[in-house]
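Student: Here you go, one structure.
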Amino acid sequence: MEKSNGQTQFSFEILPPLKGQHIQSIFDNIDPLMEFNPPFIDVTYHREEYVYKEVENGLLKKQVVKKRPGTVGICAAIQNKYSVDAIPHILCGGFTKEDTENFLVDLDFLDIDNVMALRGDAVKSETYFKPEKEGHAYAGELVAQISDLNRGRYLDDELQNSSSTNFCIGVAAYPEKHMEAPSLESDIQFLKKKIDNGANYIVTQMFFDNKKYFDFVNKCQCAGITVPIIPGLKPIATKKQLNLIPHRFHVDLPEELIIEVVKCKDNKQVRQVGVEWCIAQSKELQKAGIPVLHYYSMGKSDNIKTIASEVF
Ligand SMILES: Cc1cc2nc3c(=O)[nH]c(=O)nc-3n(C[C@H](O)[C@H](O)[C@H](O)COP(=O)(O)OP(=O)(O)OC[C@H]3O[C@@H](n4cnc5c(N)ncnc54)[C@H](O)[C@@H]3O)c2cc1C
């Protein structure tokens, strides 16, 4: 971001493939986007899920499965293949502090020195997020642990001559408020805590109305947050998403966009509407001098490529 010289940069987020799929599926999505010179690529982290399998006598057996493993391996492969910074997401959920430290040691040894520090959601079968017994309850605590490691402070304070890491830390924010926060103001206060604990920049949840982003940035600045706030963007691609996106991500869709999507005869048309909307959003943000635009690719690069070709 510091090297961007006032030019808006392009970046994107990918998901690890479902277990059993080859890493080539990731490269096939990244390849078409490399011509836009992303300074970094984010790779999401997916925690374990509980599934119940029927065994004899109608009894159910609880199994713990990770459907999308491989975040760290994919990051190492991206850095190796494309010479571009890969940013693994790291969660509080499912991690003890010791697990976190060991995860960070692996990243450090692999020369991965960027991380996106997140709390994670509740596991699918539970309503509320539950931290591990020896884990973190909020992303702010995770940021503090990473910052400690950057100062050479490990959990075992008897370690002698321990080497410090050099992580640049990103955190999440929600222009339309995190679903659990009682108010946007309280959410911003906790966001400020993440920055005070050592986070270097913020990436926002997707939004479809730039005014919400600009208002949020103003509020953050009033609260004393001065780090870059990178907007997260996602083009709508299917009619179903009109309901899925608000349900899953707790964001509103502008009336004008809804009307255009409802008019569409099929998802090919929806995709076109989504791409045009996202291009308009991107161009306005670019004009406002935002250093980086971050696209949620959800494993599909074709519409992101169309957008990037128009914007960058
Ligand atoms: C850019 C981005 C990337 C994401 N990537 C992933 C991913 O890869 N994998 C994944 O599973 N999920 C991911 N998520 C989803 C994220 O994990 C969830 O939104 C989660 O519910 C909150 O994470 P957080 O880091 O914002 O949590 P936090 O910052 O911990 O905030 C969670 C809630 O607690 C409140 N809060 C914070 N600190 C305190 C405190 N000290 N006391 C009381 N309340 C507090 C906040 O206001 C908020 O309501 C991502 C989200 C975004 C925006």
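The values are calculated or read from the model by the stated rules, or taken from the named source; none is laboratory data. What you see is a predicted model, and the numbers here were worked out from it, not measured in a lab. Virtual Cβ from ideal backbone geometry, glycine too; neighbours counted across all protein chains shown. SASA here: full protein model, heavy atoms, side chains in, ligands and nucleic acids out. Shrake-Rupley method; radii C 1.70, N 1.55, O 1.52, S 1.80 Å.
Student: One residue is enough: does segment 217-230 have a residue meeting the conditions touching a residue at least 60 places away in the same chain (Cβ under 8 Å) and within 20 Å of E2 (Cα to Cα)?
Tutor: Checked against the condition, which is being touching a residue at least 60 places away in the same chain (Cβ under 8 Å) and within 20 Å of E2 (Cα to Cα), segment 217-230 yields at least one hit.
Student: Please name all residue pairs, on different chains or six or more residues apart, with Cβ atoms under 6 Å, provided the first residue is in segment 92-103 and is within 11 Å of the ligand (Cβ to nearest atom) and the second residue is part of a helix (DSSP H, G or I).
Tutor: C92/L142
Student: Among the listed residues N150, N197, identify the single one that is away from the ligand (no atom under 16 Å from the Cβ), in contact (Cβ under 8 Å) with a residue 40 or more places away in the chain and of a type outside the set (F, W, Y).
Tutor: Matching residue, one of N150, N197: N150.
Student: Return the only residue of I258, I304, I236, I229 being open to solvent by 30 Å² or more (accessible area, probe 1.4 Å) and either in contact with a helix residue (DSSP H, G or I) (Cβ under 7 Å, 6 or more places away or on another chain) or among the aromatic types (F, W, Y) (or both).
Tutor: I258
Student: Additional query: Does segment 164-178 hold any residues that are open to solvent by 30 Å² or more (accessible area, probe 1.4 Å), touching a residue at least 40 places away in the same chain (Cβ under 8 Å) and away from the ligand (no atom under 16 Å from the Cβ), and which are they?
Tutor: N166
Student: Same structure, new question: Looking only at segment 262-272, count every residue that is surrounded by fewer than 20 Cβ atoms within 10 Å (Cβ to Cβ) and among the aliphatic types (A, V, I, L, M) and tell me the total.
Tutor: 1
Student: Starting from segment 12-26, keep only residues that are farther than 22 Å from M116 by Cα and touching a residue at least 12 places away in the same chain (Cβ under 8 Å), then list their pairs with residues that are assigned to a loop (DSSP other than H, G, I, E, B) and open to solvent by 80 Å² or more (accessible area, probe 1.4 Å) whose Cβ atoms are within a distance under 8 Å, requiring at least 6 positions of separation or different chains.
Tutor: From segment 12-26, the pairs are K19/K67.
Student: So, one more: I'm trying to understand the selection: among the residues of segment 49-79, which are open to solvent by 90 Å² or more (accessible area, probe 1.4 Å) and either at pLDDT 95 or above or part of a helix (DSSP H, G or I) (or both)?
Tutor: E56, N57
Student: Follow-up question, since we're still on this one. Could you check how many residues of segment 6-16 are open to solvent by less than 20 Å² (accessible area, probe 1.4 Å), more than 12 Å from the ligand (Cβ to nearest atom) and part of a loop (DSSP other than H, G, I, E, B)?
Tutor: Qualifying residue count for the region: 0.
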